[in-house]
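Novice: Have a look at the structure that comes next, please.
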Amino acid sequence: MKLEKLVGERFKERPSDCVVDSHALMVRGGYMKYMASGIFSSFLPLKRITRKIEQILREEMDAIDGQEVSFPVVMPAIIWQESGRYDSIGKELVRFNDRSGSPVVLGMTHEEAAVHLVREYGQSYNKYPFMIYQIQTKFRDEARPRSGLIRVREFTMKDAYSFHTSQEDLEQYYDKCHKAYERIFSRAGIPEVISIASDSGMMGGSVSHEFMLLTDIGEDSIVICNECDYRANMEAAANIVDYVRTAPSIDLEKVATPGKETIEEVSAFLGVEAKDTCKAVVYQQNKDDHYVVLFIRGDYDVNETKLTNYLGCDVHPATITDTCGLVAGFIGPMGITDNCTVLYDNTLKGVNNLVTGANEVGYHVKGLDMDRDLPGAEFHDFAKVREGSICPKCGKHALTVSRGIEVGNIFQLGTKYTKAMNMTYLDSDGNTQYPIMGCYGIGVGRLAASICEAYHDDYGPIWPIAIAPWQVHVCAVRADDAEVKAYADNLYNALQEKGIEVVYDDRNVSAGVMFSDADLLGVPFRVVVSPRNMKGGIVEIASRDKALKTSASLDTAVDEIVALVKTALNK
RNA sequence: CGGGGUGUAGCGCAGUUUGGUAGCGCGCUUGGUUCGGGACCAAGAGGCCGCGAGUUCAAAUCUCGCCACUCCGACCA
């Protein structure tokens with residue numbers, strides 16, 4: 001590829017709406033162009049990167065007996081009604097009518113399509129297990145796309161669906177897929193991606209893992225134990241408390257706390273610490289606006305995923321009205337209205353001498369003893385894990401909280417979809433059974449952006465060679481010099497003949513422009529042909545990450561560059 | 001959905017307070033000079049100032065409405 005003919009512009013100034021580096025560099029480097037919120041077109045360099053990622057995905061999915069298929073982008077609403085998700089999913093699912101007025105949807109995930117595709121095929125136990133996958137466009141009408149390709153509305157995803165006749169078989173295959181994912185990320189150049197336990201959310205099923213690239217710009221909070229191998233998404237991380245009473249209980253006492261409505265205000269006013277308060281967090285159920293009051297120790301935050309899972313429905317922060325019986329800012333567990341569901345977090349279990357609301361404007365209560373004053377209260381885990389919390393696996397105070405980008409996930413779905421869509425098979429005893437499913441996703445564009453996020457400097461991406469748009473970038477500095485031009489032309493052709501992917505810059509531009517563009521393209525090896533180098537009888541060879549800076553004589557350059565590329569590819 | 005911010009040339013921005021000829025830098029075109037980290041000189045092209053109403057002799061600028069984008073949060077299969 002001659003750089004002069006490469007469609008797309010590279011430029012100096014960082015676009016103002018880019019907050020993460022991968023976004024800025026991929027726009028500045030002519031990889032992609034913005035079209036609408038969360039919707040981008042790709043130029044050739046990005047297309048070549050995603051093509052290579054897709055090829056790795058294909059090879060690894062095929063290696064675990066996957067069969068590539070293709071599901072539709074536009075699907076009739078009826079199969080989404082069968083699974084129940086037509087109604088349960090919000091506005092992220094784009095719904096519209098076709099010309100005959102029939103409701104249709106844009107595929108945001110393809111469990112329904114997968115079941116639809118194989119439910120006739122899979123009528124006998126001896127067809128199992130099998131796995132089908134596709135690499136295709138998805139559309140999710142996200143409320144807030146952000147961070148360039150990290151979170152978009154339209155994207156390409158590898159999604160795989162496996163079907164089994166037993167939980168054991170699913171688990172065995174799940175492990176195989178887990179290992180395949182590790183190979184994929186390793187081959188793509190980011191072996192540092194880790195897998196963590198995750199919350200299965202509305203996908204259904206029980207066990208699931210997310211593959212995370214740890215980076216400060218990540219959207220997920222990840223809990224990692226420094227002492228053992230426990231790793232979990234914040235949403236799924238169990239919060240362990242080891243409270244022991246140290247002081248005898250004092251008597252209950254109502255105290256005036258005029259205008260002190262937040263934990264900070266109340267604890268400062270009464271001279272106690274946040275951990276010695278019982279805080280009320282109020283939600284409303286989305287389905288009926290019913291109030292849910294969750295009491296939790298004042299120094300902890302609520303993990304709303306845990307709350308949602310416990311209630312079995314989504315919640316939103318409550319709007320406290322005059323008529324609901326709740327006294328905003330002064331809510332306490334004793335004498336609270338019957339008009340709501342009351343829940344207690346584990347952090348309060350057995351605790352005494354707490355300050356809490358008196359359910360009366362301007363008053364709090366001191367001396368709350370959970371055992372004495374609220375006998376029979378049930379405690380559950382609703383709290384967010386904090387830095388330094390106790391590891392649920394090894395029991396040590398060794399949890400840390402980091403940020404990460406979810407680049408892939410795997411779920412044990414169970415029979416949620418096969419049951420809902422009535423996919424059955426006959427087992428060897430002639431009994432009707434529902435197949436057990438697993439599903440496995442990797443976002444292609446997000447992976448590309450994540451790699452860029454992990455490997456870049458101020459000047460541009462530093463692509464791992466396995467996914468780099470090209471392997472070698474030849475710069476002919478002073479291409480107006482006939483000797484330079486002739487040698488570089490020849491080098492370009494010779495490398496291509498040896499099967500090397502080369503981008504060739506023979507524009508008559510200053511060296512600065514040439515090198516800046518090369519930095520933005522992030523090609524692993526840069527070869528500089530120039531009058532100065534010609535005089536010395538050499539070409540310069542440097543790796544994009546600056547680990548390598550060397551030269552080759554004009555005669556042997558082709559072979560040496562080929563050897564370098566081959567060695568790098570084999571690593 | 002809640003709270004902020006921004007819409008002026010392909011990109012980055014000034015001009016808006018106090019209404020009066022549409023500006024700057026980068027990029028682009030042409031010619032020339034340069035030449036190893038985003039060169040220089042000269043001459044050019046390029047804007048319905050987000051959209052719609054209103055006020056006014058006169059609106060990028062003031063008023064009202066709408067739209068889009070963006071950031072923080074919520075949501076996220």
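Any read-out appearing in this document is the output of simple, stated calculations on the displayed coordinates, not a laboratory observation. Since the model is a prediction, treat every value here as computed from it, not as a measurement. Glycine gets a Cβ as well: all are built from the backbone with ideal geometry, and neighbour counts include every protein chain shown.
Novice: How much length is gained if the chain between A:ASN422 and A:GLU360 is pulled fully straight, taking 0.36 nm per residue apart and subtracting their Cα-Cα distance, in nm to one decimal?
Specialist: 16.9 nm
Novice: Taking the Cα atoms of the range A:253-380, what is the range of coordinates along each of the three principal axes, in descending order and whole Å?
Specialist: Taking the Cα atoms of the range A:253-380, the three principal extents are 39, 31, 23 Å.
Novice: Using just the helices of chain A, give the 222 nm mean residue ellipticity in deg cm²/dmol: DSSP H runs with n ≥ 4 each add -39,500 (n - 2.57), and the total is spread over all residues, rounded to 500.
Specialist: -7500 deg cm²/dmol
Novice: Can I ask one more? Filter the GluC sites (Glu not before Pro) in the range A:170-249 down to the DSSP loop ones having no more than 15 other Cβ atoms within 10 Å, then list what survives.
Specialist: Taking the range A:170-249 and a limit of 15 other Cβ atoms within 10 Å, the loop GluC sites (Glu not before Pro) found are A:GLU192, A:GLU219, A:GLU227.
Novice: Could you size up the charge dipole of chain A around its Cα centre, putting +1 on the beta carbon of Lys and Arg and -1 on that of Asp and Glu, and report it in debye to the nearest 20?
Specialist: 1500
Novice: While we're here: Can you pull out the trypsin sites (Lys or Arg not before Pro) in the range A:259-362 whose DSSP state is coil and whose Cβ has at most 15 other Cβ atoms within 10 Å?
Specialist: A:LYS287
Novice: In addition: Filter the trypsin sites (Lys or Arg not before Pro) in the range A:4-63 down to the DSSP loop ones having no more than 13 other Cβ atoms within 10 Å, then list what survives.
Specialist: When the trypsin sites (Lys or Arg not before Pro) of the range A:4-63 are filtered for loop state and at most 13 Cβ neighbours within 10 Å, A:LYS12 remain.
Novice: Then there is this: Which whole number in µm²/s is D for the range A:42-157 by Stokes-Einstein, with the Kirkwood Rh taken over Cα pairs at 10 °C and 1.306 mPa s?
Specialist: Answer from the Stokes-Einstein relation: 98 µm²/s.
Novice: Between A:THR556 and A:ARG144, how high is the FRET efficiency from 1/(1 + (r/R0)^6) when r is the Cβ-Cβ distance and R₀ = 56 Å? Nearest 0.05.
Specialist: Between A:THR556 and A:ARG144 the formula returns 0.55.
Novice: At 7 Å along Cα-to-Cβ for each site, give me the label-to-label distance between A:ARG372 and A:ILE78 in nm.
Specialist: 6.7
Novice: Multiply the residue gap between A:LYS275 and A:PHE11 by 0.36 nm, knock off their C-alpha separation, and tell me the result in nm, one decimal place. Let's see the in-between values first.
Specialist: Details: separation 264, 0.36 × 264 = 95.04 nm, distance 5.27 nm.
Here the answer is 89.8 nm.
Novice: Can you flag which of A:LYS179/A:LYS393; A:LYS127/A:LYS179; A:LYS176/A:LYS546 are past 26 Å Cα-Cα? Mind showing how you got there, number by number?
Specialist: On the way: A:LYS179/A:LYS393 22 Å; A:LYS127/A:LYS179 24 Å; A:LYS176/A:LYS546 37 Å.
From A:LYS179/A:LYS393; A:LYS127/A:LYS179; A:LYS176/A:LYS546, over 26 Å: A:LYS176/A:LYS546.
Novice: Order of A:499-512, A:89-102 by packing, highest average Cβ count within 10 Å first?
Specialist: A:499-512, A:89-102
Novice: A follow-up question, please. So for the range A:229-323, what percent of the C-alpha to C-alpha distances run longer than 24 Å?
Specialist: 39
Novice: Sticking with this one: Calculate, in nm to one decimal, what A:LYS485 and A:THR319 gain on full extension: separation in residues at 0.36 nm each, minus their alpha carbon distance.
Specialist: 52.6 nm
Novice: What is the Cα radius of gyration of the range A:470-570 over 2.2 N^0.38 Å, N being its residue count?
Specialist: 0.96
Novice: Of A:ILE296, A:PHE330, A:ALA236, whose Cα points farthest to the positive end of the dipole of chain A (charges on the beta-carbon: +1 Lys, Arg; -1 Asp, Glu; origin at the Cα centre)?
Specialist: A:ALA236
Novice: Same structure again: With the crude spin-label approximation of a point 7 Å out along Cα→Cβ, what separation in nm comes out for A:LYS571 versus A:PHE96?
Specialist: 4.7
Novice: Return the ratio Rg/(2.2 N^0.38 Å) for chain A, where Rg is computed over Cα atoms only. Let's see the in-between values first.
Specialist: Details: Rg = 29.5 Å, N = 571, 2.2 N^0.38 = 24.5 Å.
Taking the Cα Rg and dividing by 2.2 N^0.38 Å, one obtains 1.20.
Novice: Here's something else I'd like to know. Let me have the relative contact order for the range A:470-570, percent, based on Cα pairs under 8 Å that are six or more residues apart.
Specialist: Averaging sequence separation for qualifying contacts and normalising by length gives 29 percent for the range A:470-570.
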